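Here's the structure we're looking at; comments come further down.
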Amino acid sequence: MAPDPRLIELFSYYREGEMHGAGLLLRLIKMMEDDGDAQIKLTLHMAEEANHAWLWTKRIADLGGTPVQVSTGYQTRIGRRTIPRGVIDLLALTIIVEERSVARYKEHASRKDVDPETKEVLDKVTGDEVWHMSWIRGKLDEIAAAQNKTEYAAEMVEKYREVDREVYGELRAMEVAAYGGTPP
Ligand SMILES: [Fe+2]
Ligand SMILES: [Fe+2]
């Protein structure tokens with residue numbers, strides 16, 4: 001039986017988001033070369049985001065599909081609206097992106113019709129995202145305090161939260177239009 005194209009598309013969006021997340025971490029690794037503690041955590045964090053992309057890819061392959069191209073996914077839309085310039089900007093953006101992925105994965109996991117294999121992936125990635133959010137938040141606070149930019153950091157978090165709301169609103173509207181309110 002051919003896999004449900006809606007599921008393949010949905011998991012391709014998740015895969016795309018995770019890959020962009022790994023790319024964001026790679027940028028941070030290059031910008032934070034003088035912070036040994038951050039280098040260790042960023043590398044593990046990046047490896048986990050790459051693994052999340054793999055888990056969604058594997059889910060797609062296990063269903064008998066291949067990933068579909070996602071040209072304007074979540075992070076591409078974020079990137080069109082804002083250009084984070086420094087470490088504080090990027091850390092703030094990372095927190096927001098992580099919060100969104102946790103919220104989305106939890107919402108998906110709570111649906112009644114989720115198959116056990118998909119539920120397993122959702123639970124695994126959600127578990128990792130919780131650690132991601134907390135250590136990035138700690139690092140943002142630490143750097144902002146050291147640079148006397150606590151207020152700026154808070155503003156950046158708020159700014160990205162606003163951008164995220166717009167972007168997720170767009171994607172959600174597309175999803176509802178395509179699937180009639182109950183996405184797969
Ligand atoms: Fe992730
Ligand atoms: Fe994450």
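We did not get these values from a lab; they are worked out from the coordinates using the rules stated. Keep in mind that this is a model prediction, so the values were computed, not measured. Every residue, glycine as well, gets a Cβ built from its backbone with ideal geometry; the counts of neighbours run over all protein chains shown.
Looking at the stretch 45-116, the trypsin sites (Lys or Arg not before Pro) that sit in a DSSP loop and have at most 16 other Cβ atoms within 10 Å of their own Cβ are Arg85, Arg111, Lys112.
With contacts defined as alpha carbon pairs under 8 Å and 6 or more residues apart, what's the relative contact order of the stretch 1-124 in percent?
Worked out over the stretch 1-124, it gives 31 percent.
Taking the three principal axes of the alpha carbon atoms in the chain, the coordinate ranges are 58, 30, 27 Å, sorted in descending order. Relative to the longest principal axis of the Cα atoms of the chain, the long axis of helix 36-62 makes an angle of roughly 10 degrees. Run the count for the stretch 1-144, please: Lys pairs, Cα-Cα under 17 angstrom, 8 or more apart or on different chains. Step by step, the pairs that qualify in the stretch 1-144 add up to 7. Add +1 for every Lys or Arg and -1 for every Asp or Glu among the other residues with Cβ under 14 Å from the Cβ of Ala178, and state the total. Taking every other residue near Ala178 into account, the sum is -2.
The length gained on full extension between Tyr179 and Tyr152, counted as 0.36 nm times the residue separation minus their Cα-Cα distance, comes to 5.7 nm. Using alpha carbons only, how many degrees (0 to 90, rounded to 10) separate the axis of helix 5-31 from the longest principal axis of the chain? The angle comes out near 20 degrees.
Charge tally around Leu28: other residues with Cβ under 12 Å, Lys/Arg +1 each, Asp/Glu -1 each, net 0.
Run the helix sum for the chain: -39,500 (n - 2.57) per DSSP H stretch of 4+ residues, divided by residue count, reported at 222 nm to the nearest 500 deg cm²/dmol. Before the final figure, lay out each step's value.
Details: 6 runs with 146 residues, N = 184.
Here the helix-only value at 222 nm equals -28000 deg cm²/dmol.
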